[in-house]
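Computed from the coordinates by the stated procedures, all read-outs in this text should not be read as laboratory data. All of these numbers come straight from a predicted model, not from anything done at the bench. Note that each Cβ is placed from the backbone with ideal geometry, even for glycine, and that neighbours are counted across all protein chains shown.
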């Protein structure tokens, strides 16, 4: 009887152990932690700090200050120029002094998009003036363009500018070559007719 009881106990234990062991293993597995907004904010700050070389929270703080100044119409144009020109120019110079090409490509892409934005502003300035808080939205757009964790300039260049350029590259090259040739011809003609005739020079002597 004792032997039968042992067999029964061992059998029951053997039947229960896989399910129980699996349950225990699942129960003891570490729970997957979901990042909170604060964790994501700290991650973004760390990433900015790594890319910019200074504390990422300082960078975000300066961005927030600039946005507040623009909202309350305090030196809007100066703030926009500092954010859109001075800051990118500084990092463009630093990129030129490094041997890596990735940062060069990043800032070249930014300046291409920035130049197109300035061109559109000069053409449709009357339209942009009617947009409420235009400088504020422009400032957010510029920040989105060059921030290392967004790199909006890459997105706009790849999705819009590059496709248009590839589509019309041949026509643009032909037009620019024709304009250059015409300018050169006009310059040579002006230079030729601006010189006094050789006969008059001889008679004058």
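Compute the FRET efficiency between residue 172 and residue 62 as 1/(1 + (r/R0)^6), taking r as their Cβ-Cβ distance and R0 = 41 Å, and round to the nearest 0.05. Intermediate values should be presented prior to the final figure.
Values: r = 39 Å, r/R0 = 0.95.
Using R0 = 41 Å, I get an efficiency of 0.60.
Over all alpha-carbon pairs in segment 76-161, figure out the percentage whose distance exceeds 19 Å. Write out the running numbers ahead of the final one.
Details: 1445 of 3655 pairs.
Roughly 40 percent, once rounded to a whole number.
State the three equivalent ellipsoid semi-axes of segment 124-171, derived from the C-alpha gyration tensor as the square roots of 5 times its eigenvalues, in descending order and whole Å. Please report the intermediate quantities before stating the final value.
Values: eigenvalues 126, 68, 6 Å².
In descending order, the three semi-axes are 25, 18, 5 Å.
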